[in-house]
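Worksheet: the structure to be examined is printed underneath.
The values are calculated or read from the model by the stated rules, or taken from the named source; none is laboratory data. Treat the numbers as computed from the prediction; the structure is a model and nothing was measured. Reconstructed Cβ throughout: ideal geometry from the backbone, glycine too, with neighbour counts over all protein chains shown. For the accessible areas, the whole protein counts, side chains as well, though only heavy atoms, and no ligand, DNA or RNA atoms are used. Shrake-Rupley method; radii C 1.70, N 1.55, O 1.52, S 1.80 Å.
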Amino acid sequence: MVDAAHDQVDFVPPAEVGEMELYHPKSWLTKYVFSQDAKVIAIQYSFTAIAIGMVALVLSWMMRLQLGFPETFSFIEAEDYYQFITMHGMIMVIYLLTALFLGGFGNYLIPLMVGARDMVFPYVNMLSYWIYLLAVLVLLASFFVPGGPTGAGWTLYPPQAILSGTPGSEGGILLMLISLALFIVGFTMGGLNYVVTVLQARTRGMTLMRLPLTIWGIFTATVLALLAFPALFVGAVMMTLDRMLGTSFFMPGIVQFGEQMQYGGGSPVLFQHLFWFFGHPEVYIVALPAFGIVSDLISVHARRHVFGYRLMVWAIVIIGALSFVVWAHHMYVSGMNPWFGFFFATTTLIIAVPTAIKVYNWVLTLWRGNIKLTLPMLFALGFIVTFVNGGITGLFLGNVVVDVPLSDTMFVVAHFHMVMGVAPILVVFGAIYHWYPKMTGRMLNVPMGQIHFWITFLGAYAIFLPLHYLGFLGVPRRYYEMTDTSFIPQSAETLNAFVTVIALIVGVAQLVFLFNIGWSMVKGKKSGPNPWRATSLEWQTATTPPGHGNFGPTLPVVYRWAYAFGLPGAKDDYVPQNMHPDQVAIGDTADLSGTAAQPAE
Amino acid sequence: MNIFRQMMVKPWLTEQGAVVELLDERTFSQPTPKIGLRLFLIVVAVFFSLMLSAYIERKVFSDWNSLSLPWLLWLNTAILIASSMAMHYALVNARRGQIDGVKTGLSAGGVLTFAFLVGQLLAWRELVATGYYVSLDPANAFFYMLTGVHGVHLIGGLVAWWRTMAKIRRGQDAVQVRLSVDLCAVYWHFLLLIWLVLFALMLLT
């Protein structure tokens, strides 16, 4: 079909435009530490994000220990529990997932996949990582200040976030706000790079509609983040001023311990609007890269073109746009005008349409594909199932009448952990199993990966399916303990203990993954340049791992989209994006007539 | 727009997939740093519009006590307009290839910006002296915050201005510094626009 059908394409000279002046490191320090190479920055981002993510994992263990076995552990007080909740949520959402998807995968994959030597502003890109690291360190520092980290909940709602009854109101909340502001400054520097690189530094022939969906996902998510993070920044600046200088942006008149505080005239709901104007797009900042990556994993490991590529791109863009008009569905219980609730419920349900299109297209990509149950494919399939699960409970919660009774119960916890916790993390794992060979030149160990997948996947269901049920029973979220509550049956406690045991097992299974990463770097099977026989440009580099400047002396020229699998007449079942049309056919006997069926949209 | 036309392409079809028709690898023909700056300005615009929407939302309540703006702010506004014009003068000269005009324009623009920042600080002092403390009232808090973040953005601009001046001192000619001057001018015009909107909103009470 497509490419084999070209009889003759004029010779295209190697790109003369598009070459950029590369910064060449002169010392070990500028090559591996203060590096301006996007690949090194990507690895720095990834390691930092995974390290801080492990802290958040341990915090979730602590919470589960308390919930599963209340009044057993003397080292978990109520204050500690609130601090664990807050830090677990904030770290996982922002410092792990956002940083890993955009800073990690974005930095590694964007230049390689679009055929660029590096990001367009490498120095700013380097600064981006170091400011991110600073943000992480400031956040970690809050564990060691008097009063500990903030326990305000990851949403940091004022007035309680800065009042003295909340743990961490001395220093913890300030460090949290400063760390968030730093993160946003750092992210903006990186984000400008990702967007402008995709727009301006694509190699010859790499049109927008030939980009792999991974790039579309990361690109759109970055645009969302650039537009959404300022809301959190504004909220953080104003709350810092409230806490430090005694202004009243968010603080109403308050009597505390019988004394009138000096605050007055501020609006706590204003913070909720700012927070969720950031917070809802944040869901898609995490989900869109996952969508994109999963499309590519499925396509490569099922040896089939992505079904409805153009619709997939548009769906990503439409989901991104819609994500800015649904934020108040997080605030149904804030006392808003019922018409507001009606509006936001409607927009929320509309988002299900492009999302459902994506799910259908993934399934139709698999349909009659040559499915290989490799590790990346297992994780991709796990993602689709989990995302559908979490998405459907989202349809329940998007309706005001269903949300009001379920709000602040474990049902909500189960919903968002499924849809933006487990689902994106499965994609992170799938992506690491997929691209690790390119980053190191070695394959990850398969038996270890199987153990990791099955424990993580089944374990996640054993943890979060029961939480839905607990939510229906009325078990509230954010409660330190529930022992003597009359409407909670005894069986709920047994279930909680079960969930805790599974959570510990799933957590330990992640150590298998970390061990695999280290072990395979030394002992793993050599992968060669293109072990998955994929088409996109990162697999066609001159060296593996790719060297400084990514490609050889000349940049690749792109002749087709990234999904040229199973072309009739081609000598292989895949045709790389940069293979010259004259080299595609096996010989004169091949069918070059172009009469083969073309993929329908 | 071009970008939408590009998104209508069906990449799997032979005729639209032909490489000969699709040589242009850039989405925009402008130089890359200009695209970067525009994108950054969009982010800054979102930032200020969120602050302003918070400001307007708070302002509509009946307990809002406006503070009486010092007359100095009018003078500061004039200075900022002048600095923006000086930056534009530098840009026009850079386009004509006259490095002396670039120097004059840039130097004047920088000095006037410093003057504006000093003027803003004096205005703050005047307000504090008359008892408009930051924590006294939401109106005061918004005034100090909005003028403060605007000033911080100008200081950021002065870093870019300083680097451009250093290029000229190293002997680069008008063609070499043209892009830098262009970026400075766009940024200054943008911050002037932000200031005019802020000032107008603060006057309208």
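Would you work out the charge dipole size for the stretch A:197-354 about its Cα centre, treating the Cβ of every Lys and Arg as +1 and the Cβ of every Asp and Glu as -1, and quote it to the nearest 20 debye? Display every interim value, and only then the final one.
Details: 7 positive and 4 negative charges, 183 e Å.
With Lys and Arg at +1 and Asp and Glu at -1, about 880 debye.
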Inset, instruction - Could you let me know the centre-to-centre spacing of the stretch A:295-314 and the stretch A:163-178, using Cα atoms, in angstrom? - result: 46 Å
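Averaged per residue, what accessible area in Å² does chain A show with a 1.4 Å probe, protein chains only?
Numbers: 21840 Å² over 601 residues.
On a per-residue basis, 36 Å².
Mind giving me the FRET efficiency for A:S491 and A:N337? R0 is 51 Å, r the Cβ-Cβ distance, nearest 0.05 is fine.
Working: r = 40 Å, r/R0 = 0.78.
Step by step, r from the Cβ atoms, then E = 0.80.
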Inset, instruction - Calculate the tail of P(r) for the stretch A:423-524: the fraction of all Cα-Cα distances greater than 22 Å, expressed in %. - result: 45 percent
Legend entry - the stretch A:336-372-the stretch A:452-498 distance, computed between alpha-carbon centres (Å): 27 Å
Legend entry - Computed over chain A: relative contact order in percent, which uses C-alpha pairs under 8 Å that are six or more apart: 18 percent
Inset, instruction - Enter the angle in degrees (range 0 to 90, nearest 10) between the Cα long axis of helix A:423-440 and the first principal axis of the Cα atoms of chain A, meaning the one along which they spread out most. - result: 40 degrees
Legend entry - Cleavage-rule hits, chymotrypsin sites (Phe, Trp or Tyr not before Pro), the stretch A:220-269, DSSP coil, Cβ neighbours within 10 Å at most 10: A:F257
Inset, instruction - Report, by chain and number, residues whose modeled amide H sits under 5 Å from the one on A:T409, excluding near sequence neighbours (fewer than 5 apart, same chain). - result: A:R477
Legend entry - Folded to 0 to 90 degrees: helix A:268-301 orientation relative to chain A principal axis, Cα: 30 degrees
Inset, instruction - Over every pair of different alpha-carbon atoms in the stretch A:343-446, take the mean of 1/r and invert it; report that Kirkwood radius in Å. - result: 15.5 Å
Inset, instruction - Could you work out how far apart the two model spin labels at B:I81 and A:V404 are, taking each label as a point 7 Å from the Cα in the direction of the beta carbon, and quote it in nm? - result: 5.4 nm
Legend entry - Leading residue at positive end of dipole, the protein assembly as shown (Cβ point charges), from A:G398, A:F271, A:T98: A:T98
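For the stretch B:1-160, with all protein chains present and a 1.4 Å probe, just round the carbon and sulfur fraction of the accessible area to a whole percent. List each step's numbers first, then the result.
Working: 5240 of 7670 Å².
Summing carbon and sulfur atoms, their accessible area is 68 percent of the total for the stretch B:1-160.
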Inset, instruction - Identify the trypsin sites (Lys or Arg not before Pro) of the stretch A:277-371 meeting these criteria: DSSP loop state and at most 14 other C-beta atoms within 10 Å of the C-beta. - result: A:R368
Legend entry - Protein-protein interface of the stretch B:110-158, residues with accessible area decrease of at least 20 Å², isolated chain reference, 1.4 Å probe: B:V134, B:S135, B:P138, B:A141, B:F142, B:M145
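Hey, what does the equivalent ellipsoid look like for chain B, semi-axes from the Cα gyration tensor as sqrt of 5 times each eigenvalue, largest first, whole Å? Spell out each step's value before the answer.
Values: eigenvalues 305, 145, 24 Å².
In descending order, the three semi-axes are 39, 27, 11 Å.
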Legend entry - Translational diffusion coefficient (Stokes-Einstein; Kirkwood radius from C-alpha pairs) of the stretch A:23-145 at 4 °C, 1.567 mPa s, in µm²/s: 81 µm²/s
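Of all accessible surface on the stretch A:99-177 at a 1.4 Å probe, what whole percent is carbon and sulfur? Please list the in-between numbers first.
Values: 1560 of 2020 Å².
Of all accessible area on the stretch A:99-177, carbon and sulfur atoms account for 78 percent.
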Inset, instruction - Would you be so kind as to identify which of B:G131, B:S53, B:L69 lies farthest towards the positive end of the dipole of the stretch B:31-140, taking Lys and Arg as +1 and Asp and Glu as -1 on Cβ and the Cα centre as origin? - result: B:S53
Inset, instruction - Positive end of the charge dipole of the protein assembly as shown (Lys, Arg +1 and Asp, Glu -1 on Cβ, about the Cα centre): tell me which of A:L470, B:W12, A:T240 has its Cα farthest that way. - result: B:W12
Legend entry - the stretch A:235-276 - Rg over Rh from alpha carbon coordinates, Kirkwood radius: 1.00
Inset, instruction - Express the C-alpha Rg of the stretch A:312-377 as a ratio against the empirical globular expectation 2.2 N^0.38 Å, rounded to two decimals. - result: 1.56
Legend entry - Cα principal axis extents for the stretch A:244-338, largest first, Å: 69, 31, 19
Inset, instruction - List the relative contact order of chain B as a percent without decimals, with contacts defined as Cα pairs under 8 Å and 6+ residues apart. - result: 26 percent
Legend entry - Those residues of the stretch A:547-586 for which accessible area with every protein chain present is at least 10 Å² below the isolated value (1.4 Å probe): A:Y559, A:W561
Inset, instruction - Just report the Cα centroid separation between the stretch A:384-412 and the stretch A:545-570, whole Å. - result: 42 Å
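Could you calculate the FRET efficiency of A:W314 with A:W519 from 1/(1 + (r/R0)^6), where r is the beta carbon distance between them and R0 is 35 Å, rounded to 0.05?
On the way: r = 42 Å, r/R0 = 1.21.
Step by step, r from the Cβ atoms, then E = 0.25.
What Kirkwood Rh does the protein assembly as shown have if only Cα atoms enter the pairwise 1/r average? Answer in Å. Don't jump to the answer; show the numbers that get you there.
On the way: mean 1/r = 0.0351 Å⁻¹.
For the protein assembly as shown, inverting the mean 1/r across all distinct Cα pairs yields 28.5 Å.
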Inset, instruction - With springs only between Cα atoms under 10 Å apart, run a GNM on chain B and tell me which of B:P138, B:P11, B:P31 wobbles the most. - result: B:P11
Legend entry - Candidate lysines for bridging to B:K10, where Cα separation is under 29 Å - those fewer than 8 sequence places away on the same chain excluded: A:K358, A:K372, A:K571
Inset, instruction - With everything on Cα atoms, drop me the angle between helix A:338-366 and the longest principal axis of chain A, reported from 0 to 90° to the nearest 10. - result: 30 degrees
Legend entry - Hull volume in cubic angstrom per residue (convex hull over the Cα atoms of the stretch A:187-311): 138 Å³
Inset, instruction - Select from the stretch A:366-457 those chymotrypsin sites (Phe, Trp or Tyr not before Pro) which occupy a DSSP coil region and have at most 14 other Cβ atoms within 10 Å, ordered by residue number. - result: A:W367
Legend entry - Within chain B, helix-based [θ] at 222 nm, where runs of 4 or more DSSP H residues each add -39,500 (n - 2.57), nearest 500: -26500 deg cm²/dmol
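Between A:M244 and B:W74, how high is the FRET efficiency from 1/(1 + (r/R0)^6) when r is the Cβ-Cβ distance and R₀ = 25 Å? Nearest 0.05. Before the final figure, lay out each step's value.
On the way: r = 31 Å, r/R0 = 1.23.
The computed FRET efficiency comes out at 0.20.
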Legend entry - A versus B: buried accessible surface, summed, Å² (probe 1.4 Å, to nearest 100): 4400 Å²
Inset, instruction - Give the range of the longest stretch in chain B that excludes all chymotrypsin sites (Phe, Trp or Tyr not before Pro) found in loop regions by DSSP and having at most 16 other beta-carbon atoms within 10 Å. - result: B:134-205
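Given only helices, namely DSSP H runs of n ≥ 4 each adding -39500 (n - 2.57), what is the per-residue ellipticity at 222 nm of chain A, to the nearest 500 deg cm²/dmol? Provide the component values of the computation, followed by the final result.
On the way: 16 runs with 333 residues, N = 601.
Theoretical 222 nm ellipticity from helices: -19000 deg cm²/dmol.
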Inset, instruction - Keeping every protein chain in place, order B:R178, A:R478, A:R560, B:R169 by accessible area at 1.4 Å, biggest value first, i.e. largest first. - result: B:R169, B:R178, A:R478, A:R560
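Cα convex hull of the stretch B:131-205: mean projected area in nm², to one decimal?
The orientation-averaged projected area of the Cα hull of the stretch B:131-205 comes to 6.2 nm².
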Inset, instruction - Wrap a convex hull around the Cα atoms of the stretch A:80-237, take a quarter of its surface area, and give that in square nanometres. - result: 9.1 nm²
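If the viscosity is 0.890 mPa s and the temperature 25 °C, what Stokes-Einstein diffusion coefficient in µm²/s follows for the stretch B:108-151 when Rh is the Kirkwood radius over Cα pairs?
Values: Rh = 11.1 Å.
Reported coefficient: 221 µm²/s.
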